[in-house]
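Asker: Quick one: the structure is below, and I'll ask about it shortly.
The values are calculated or read from the model by the stated rules, or taken from the named source; none is laboratory data. Remember, predicted model here, so these are calculated numbers, not experimental data. A quick note on method: Cβ atoms are made from the backbone with ideal geometry, for glycine too, and the neighbour counts reach across all protein chains shown. Surface areas here come from the heavy atoms of the whole protein model, side chains and all, with no ligands, DNA or RNA. Shrake-Rupley method; radii C 1.70, N 1.55, O 1.52, S 1.80 Å.
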Amino acid sequence: MKVKPIEITSKELNPFQMIGRDWMLITAKKGNIVNTMTASWGMMGVFWGKDVVQVGIRPQRYTKEFVDAGDVFTLTFFDGEKKKEMSYLGSVSGRDEDKITKAGLHVEEVDGAPTFSEGKIVIVCKKLMETPLNPADFKENWSEEIWYPAKDDHIMYTAEILAAYRIEE
């Protein structure tokens, strides 16, 4: 797999399109095992003078164990392609099956972190902060009712963007 560095300030990195409409895979490694999950919520910006991303992972997600196990994880984007595969990866647990292989994706590493050769863009992230959401802090009463009826509030990970790459075929 060949990758070409891209500037995080590049106009091709539109977080509203990439995260909210095209979705992303949050991927991490624990030992020799890689796991991933689909996400369509997250943020990019600047915090503590660093370019950062923030993603939420519910406590019961298997991928959380992998993100917690190391210092880095990746966000992989597919430019709106692979929606069927991404839906599958977001609805099946890696605890139960080899969902990455079943989705037809191939794990590769960039800067020592796992991503997928089928991706279009990968962002390598280093964890800076882990913050559990607290429903007592919500300013909108409907938030907990609509998004957290099971009381499984997201754990928010703020991570420094170490590098961004366009994956070349």
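Asker: Looking at the stretch 128-144, I want the residues that are over 17 Å from Ile57 (Cα atoms) and have a partner that is assigned to a helix (DSSP H, G or I) with Cβ atoms under 8 Å, at least 6 apart or on another chain. Which pairs are those?
Answerer: Pairs that qualify, where the first residue is over 17 Å from Ile57 (Cα atoms) and the partner is assigned to a helix (DSSP H, G or I), are Phe138/Glu144.
Asker: If you don't mind, there's one more thing I want to ask. State all residues of the stretch 129-161 that are surrounded by fewer than 15 Cβ atoms within 10 Å (Cβ to Cβ) and closer than 20 Å to Ala69 by Cα; if no residue qualifies, say none.
Answerer: Met129, Glu130, Thr131, Pro132
Asker: Taking the criterion of being within 14 Å of the chain's Cα centre (by Cα) and within 25 Å of Asn14 (Cα to Cα), would at least one residue in the stretch 144-155 satisfy it? Don't jump to the end; show me each part of the working.
Answerer: Initial filter on the stretch 144-155 (within 14 Å of the chain's Cα centre (by Cα)): 154-155.
Then drop every residue that is not within 25 Å of Asn14 (Cα to Cα), which leaves 154-155.
Yes: the stretch 144-155 contains one or more residues that are within 14 Å of the chain's Cα centre (by Cα) and within 25 Å of Asn14 (Cα to Cα).
Asker: Of all residues in the stretch 32-44 being more than 18 Å from Ile161 (Cβ to Cβ) and open to solvent by less than 60 Å² (accessible area, probe 1.4 Å), which is farthest from the chain's Cα centre (by Cα)?
Answerer: Val34
Asker: So, of the residues in the stretch 96-108 that are assigned to a loop (DSSP other than H, G, I, E, B) and modelled with pLDDT of 95 or more, which turns out to be farthest from Met1 (Cα to Cα)? Even if it seems obvious, please write down each step before you answer.
Answerer: Of all residues in the stretch 96-108, those assigned to a loop (DSSP other than H, G, I, E, B) come to 96-98, 103-106.
So of that shortlist, the ones also modelled with pLDDT of 95 or more come out as 97-98, 103-106.
Numbers: Glu97: 25, Asp98: 22, Ala103: 19, Gly104: 16, Leu105: 13, His106: 10 Å.
The residue in question is Glu97.
Asker: Among all residue pairs at least 6 apart or on different chains, which show Cβ distances below 8 Å where the first residue, located in the stretch 47-66, is over 20 Å from Gly20 (Cα atoms) and among the hydroxyl-bearing types (Ser, Thr, Tyr) and the second is open to solvent by less than 50 Å² (accessible area, probe 1.4 Å) and not in a helix (DSSP H, G or I)?
Answerer: Final answer for the pair search is Tyr62/Asn35; Tyr62/Met37; Tyr62/Ser93; Tyr62/Gly94.
Asker: So which of Phe78, Phe73 ends up being in contact with a Lys or Arg (Cβ under 7 Å, 6 or more places away or on another chain), aromatic (Phe, Trp, Tyr) and within 22 Å of Gly20 (Cα to Cα)?
Answerer: Phe78
Asker: Right, another one. Taking the condition surrounded by fewer than 15 Cβ atoms within 10 Å (Cβ to Cβ), farther than 23 Å from Lys151 by Cα and at pLDDT below 95, does Asp71 pass? Steps first, answer last, please.
Answerer: Values: surrounded by fewer than 15 Cβ atoms within 10 Å (Cβ to Cβ): yes; farther than 23 Å from Lys151 by Cα: yes; at pLDDT below 95: no.
Considered against the rule, which asks whether it is surrounded by fewer than 15 Cβ atoms within 10 Å (Cβ to Cβ), farther than 23 Å from Lys151 by Cα and at pLDDT below 95, Asp71 comes out as no.
Asker: For residues in the stretch 79-90 being in contact with a strand residue (DSSP E or B) (Cβ under 8 Å, 6 or more places away or on another chain) and on the phi < 0 side of the Ramachandran plot, which is most open to solvent (accessible area, probe 1.4 Å)?
Answerer: Here the residue is Ser87.
Asker: For the stretch 2-15, does any single residue satisfy the condition of being farther than 19 Å from Tyr165 by Cβ, out of contact with any Leu (no Cβ under 9 Å at 6 or more places or on another chain) and open to solvent by 70 Å² or more (accessible area, probe 1.4 Å)?
Answerer: no
Asker: Residue under question is Glu118, and the condition is that it be within 18 Å of Asn35 (Cα to Cα), in a loop (DSSP other than H, G, I, E, B) and either open to solvent by 40 Å² or more (accessible area, probe 1.4 Å) or at pLDDT 95 or above (or both); does it hold?
Answerer: Judged against the criteria, Glu118 is a match.
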